[in-house]
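Chemist: Okay, handing you the structure first.
The values are calculated or read from the model by the stated rules, or taken from the named source; none is laboratory data. Predicted model only: the values in this text are computed from it and were never measured. Please note: Cβ atoms are built from the backbone with ideal geometry, for glycine as well, and neighbour counts cover all protein chains shown.
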Amino acid sequence: MAEEVASYEFGVVLHHAGQGIAELRWDARTAEMSDDDFKGGLELLATAAESHSTKAILIDATAFRHEFGPGIMEWRDATIIPRYAAAGVTKFAFHMPAGYPDTAEAGREREHEGPAPYPTQWFAEREHALRWLGEEAAGS
């Protein structure tokens, strides 16, 4: 069972203690968020990863609607990715909205995004993401 460890106007951060997973679950209000609001959500998630025994991160983007402004991904790479890595994250997954074409179920290969030292994968099915995140690194 996941425990809520943080929340704000656009989402909630959960900790799946038994699996060592930190999760950010965005909600539909993300359509109204600013880039600074987006940054705030990632900072909450990074803090949760640092504060708990976290080996994996799940972003539930099924209701995510924000469109990034310039420089946001560069900020994430420089500011947030190092925090995830320092917290011990070894896998990162996105649960994508229905109809998203580029997922593991559709054959997408996991990859390392930007400077991330861990693999990232996109999933259409939540249970597939949780299963992949829970697999031992040696077997994945």
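Chemist: From the residues in the stretch 21-32 that are more than 19 Å from ASP77 (Cβ to Cβ) and out of contact with any Gly (no Cβ under 8 Å at 6 or more places or on another chain), which one is surrounded by the most Cβ atoms within 10 Å (Cβ to Cβ)? It would help to see each step written out before you state the result.
Modeler: Just the residues of the stretch 21-32 that are more than 19 Å from ASP77 (Cβ to Cβ), to begin with: 21, 23, 25-32.
If we keep only those that are out of contact with any Gly (no Cβ under 8 Å at 6 or more places or on another chain) as well, we get 23, 28-29, 31-32.
Numbers: GLU23: 28, ALA28: 11, ARG29: 14, ALA31: 12, GLU32: 11.
Checked the stretch 21-32; the qualifying residue surrounded by the most Cβ atoms within 10 Å (Cβ to Cβ) is GLU23.
Chemist: Yes or no: THR54 part of a helix (DSSP H, G or I) and among the polar types (S, T, N, Q)?
Modeler: Values: part of a helix (DSSP H, G or I): no; among the polar types (S, T, N, Q): yes.
For THR54, the condition - part of a helix (DSSP H, G or I) and among the polar types (S, T, N, Q) - is not met.
Every residue, every condition in (1) crowded, with 18+ Cβ neighbours inside 10 Å; (2) among the polar types (S, T, N, Q); (3) closer than 21 Å to ALA17 by Cα, yes or no:
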{"site": "ILE72", "(1), (2), (3)": "no, no, no"}
{"site": "TRP75", "(1), (2), (3)": "no, no, no"}
{"site": "THR79", "(1), (2), (3)": "no, yes, no"}
{"site": "TYR84", "(1), (2), (3)": "yes, no, yes"}
{"site": "ALA87", "(1), (2), (3)": "yes, no, yes"}
{"site": "LYS91", "(1), (2), (3)": "yes, no, yes"}
{"site": "ASP102", "(1), (2), (3)": "no, no, no"}
{"site": "ARG108", "(1), (2), (3)": "no, no, no"}
{"site": "GLY134", "(1), (2), (3)": "no, no, yes"}
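Chemist: Can you go through THR62, THR103 and tell me which one is hydroxyl-bearing (Ser, Thr, Tyr), under 17 Å from TRP132 (Cα atoms) and under 15 Å from the mean Cα position of the chain (by Cα)? Reasoning before the result, please.
Modeler: On the way: THR62 fails: under 17 Å from TRP132 (Cα atoms).
Criteria check complete, one pass: THR103.
Chemist: Do we find that TYR100 is under 16 Å from THR120 (Cβ atoms), without any contact (Cβ under 8 Å) to a residue 40 or more places away in the chain and assigned to a helix (DSSP H, G or I) in this structure?
Modeler: No; evaluated as a whole, the condition is false for this residue.
Chemist: While we're looking at this one, here's another question. For ALA31, state whether it is in a strand (DSSP E or B) and either β-branched (Val, Ile, Thr) or at pLDDT 95 or above (or both).
Modeler: Numbers: in a strand (DSSP E or B): no; either β-branched (Val, Ile, Thr) or at pLDDT 95 or above (or both): yes.
The answer is no for ALA31.
Chemist: Quick one: would you say ARG83 is part of a helix (DSSP H, G or I) and in contact with an Asp or Glu (Cβ under 7 Å, 6 or more places away or on another chain)?
Modeler: yes
Chemist: Please find, within the stretch 48-70, the residue that is surrounded by the fewest Cβ atoms within 10 Å (Cβ to Cβ) out of those that are among the aliphatic types (A, V, I, L, M) and touching an Asp or Glu at 6+ places or on another chain (Cβ under 6 Å). Write out each step before concluding.
Modeler: Our first condition is that a residue be among the aliphatic types (A, V, I, L, M); within the stretch 48-70, this holds for 48-49, 56-59, 61, 63.
Filter once more, so that each one left must be touching an Asp or Glu at 6+ places or on another chain (Cβ under 6 Å): 58, 63.
Details: LEU58: 26, ALA63: 15.
The selected residue is ALA63.
Chemist: Do you know which residues across the stretch 104-140 are touching a Lys or Arg at 6+ places or on another chain (Cβ under 8 Å), modelled with pLDDT under 95 and in a helix (DSSP H, G or I)?
Modeler: ALA137
Chemist: Moving on. For the stretch 47-103, which positions are modelled with pLDDT of 95 or more and on the phi > 0 side of the Ramachandran plot?
Modeler: The answer is GLY71, GLY88.
Chemist: Tell me which residues, restricted to the stretch 55-83, are without any contact (Cβ under 8 Å) to a residue 24 or more places away in the chain and in contact with a Lys or Arg (Cβ under 6 Å, 6 or more places away or on another chain).
Modeler: Across the stretch 55-83, there are no qualifying residues.
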